[in-house]
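Notes to accompany the following structure.
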Amino acid sequence: MSKHIIGLTGGIATGKTTVANHLAGAYNVPILDADIYARDAVSIGSPILQAIAERYGEQILLAHGSLNRQRLGEIIFNNREERNWVEGLIHPYVRDRFLQDISISTAQILVLVVPLLFEARMTDLVTEIWVVICSEEQQLERLMQRNNLTLEQAQARIHSQMSIAEKAAKANVVLDNSSSLERLLQQVERAFLLL
């Protein structure tokens, strides 16, 4: 059996984590998460965090020296040029971590959770693409609730990504998370059993 590497993506707050957690829990599939690698990339003392602090000044750091994510978010979600600059530092780090962990994994099926799979040009790392979708209204509601954001902040984050329709058009599997959790998980089961 050849190795299946699922690239799990979708818009922000569409339900990627729910799908990944189900695959890990129900099928014991290893999950590699771009967000975790991205957090590692800017850990205290890292060269990437140093470069960010040099560009934006010490106020981009919290008192104990870690990244002030909220402040960085305010900068990059309102300025495409700055977002591209930050992503230009973080994406190569994330790609290297994926390559490293894929190469040492003995699992036949792996899931890479990559919110910016298309934007970061990482589709070459996966054998198939699963996209989780829901309506923009649901995205906004979930994002505002989860991250305690204003409507404007939530919209800026959603619109900084490729549209869900574009992502869905490039998917091998589209998982619709606009109704119940049960309906979502039924779709995940069906897709998984076809691997």
Lys, Arg +1 and Asp, Glu -1 on Cβ, resulting dipole of the chain about Cα centre, debye, nearest 20 | 180
Take the Cβ-Cβ distance between A63 and E137 as r, set R0 to 22 Å, and report the resulting FRET efficiency rounded to the nearest 0.05.
-> 0.05
Please list the non-local residues whose amide H lies under 5 Å from the amide H of L67, H modeled 1.01 Å from N, same-chain partners needing a gap of 5 or more.
-> L62
How many nm is it between the label spots at S179 and L193, if each spot is 7 Å from the Cα in line with the beta carbon?
-> 1.7
Per the 1/(1 + (r/R0)^6) rule, R0 = 22 Å and r from the Cβ atoms of N172 and D101, FRET efficiency to 0.05 is 0.50
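Can you check what the net charge comes to around E152, using other residues whose Cβ is under 15 Å from the Cβ of E152 (Lys, Arg +1; Asp, Glu -1)?
-2
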Can you tell me the order of 100-110, 8-18 when each peptide is scored by its average per-residue count of other Cβ atoms within 10 angstrom, highest first?
-> 8-18, 100-110
Which value in deg cm²/dmol, rounded to the nearest 500, describes the helix-derived mean residue ellipticity at 222 nm for the chain, given -39,500 (n - 2.57) per DSSP H run of n ≥ 4 and division by the residue count?
-> -16000 deg cm²/dmol
Helix 16-27: angle to the longest alpha-carbon principal axis of the chain, degrees 0 to 90, nearest 10?
-> 50
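Any read-out appearing in this document is the output of simple, stated calculations on the displayed coordinates, not a laboratory observation. Here the structure is a predicted model, which is why all the values come from computation and not from measurement. Glycine gets a Cβ as well: all are built from the backbone with ideal geometry, and neighbour counts include every protein chain shown.
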